[in-house]
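Written out below as structure tokens is the structure these notes cover.
The values are calculated or read from the model by the stated rules, or taken from the named source; none is laboratory data. No experiment lies behind these values; they were computed from the predicted model shown. No Cβ is skipped: glycine too gets one built from the backbone with ideal geometry, and neighbour counts run over all protein chains shown.
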Amino acid sequence: MISTLMSLKPVLWHTFAIYVFLIFLFRVIGRRQLGQLNVLDLVVIIVMGSAVETSMVAGDTSLPAGLVSAATLLIVNRLMSLLFCRFRRLRHIVQGSPVLLVHDGKFVTEHLKRVGFSEEDVLEALREHEITGVDQVRFAVLEADGEINVIPMKHEGGPTKQAGNTPPGAQPATS
């Protein structure tokens, strides 16, 4: 029994290392919501799962190896969630912060480039918010979770926003 558990130790470490590596890669590459994934993004995710599966279980395709790998993923994910709750800086490093995409009816081109979005991506999000043009937008912010929130020029129901203000937490536009 102990020798079986010891033989599964590489599975635990490989799974942990791949989990951390993939979090890093997805953080560096970009942050689209699942609903915003295009066909290429989806194919990469599916193929990546297949590509790393064998190394996660260290070549051991037995049921115990699969269970150890799955348990490791769930436990590490839960521990990361707890760490994010406790350490704000770590959460910011891994999950990112809001990014201003549109400011007073104009695209913030350098921010679009940095997050890998095109103007067409933002226009699609605006249409989802029933806004037909960028000139109708005071702020469009890419949130840390990949969602694009939009505040129209004539924002109803809240305090009037003055031109030049930046939404709380979003990185200001620089011209």
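Key figures for this structure:
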quantity: Of all residues in region 104-120 being touching a helix residue (DSSP H, G or I) at 6+ places or on another chain (Cβ under 8 Å) and farther than 16 Å from residue 153 by Cα, the one that is surrounded by the most Cβ atoms within 10 Å (Cβ to Cβ); calculated: 112
quantity: Filter result for residue 84 (within 30 Å of residue 139 (Cα to Cα), surrounded by 13 or more Cβ atoms within 10 Å (Cβ to Cβ), assigned by TED's automatic domain parsing to the domain that holds residue 26 and at pLDDT 80 or above); calculated: yes
quantity: Selection count, region 6-41, where residues are surrounded by 11 or more Cβ atoms within 10 Å (Cβ to Cβ), at pLDDT below 70 and assigned to a helix (DSSP H, G or I); calculated: 2
quantity: Residues (among the aromatic types (Phe, Trp, Tyr) and assigned to a helix (DSSP H, G or I)) located in region 65-98; calculated: 84
quantity: Filter pass, residue 130 being out of contact with any strand residue (DSSP E or B) (no Cβ under 8 Å at 6 or more places or on another chain), outside any helix (DSSP H, G or I) and either at pLDDT 90 or above or not β-branched (Val, Ile, Thr) (or both); calculated: yes
quantity: Residue tally, condition on the phi > 0 side of the Ramachandran plot and modelled with pLDDT of 85 or more, over region 87-104; calculated: 1
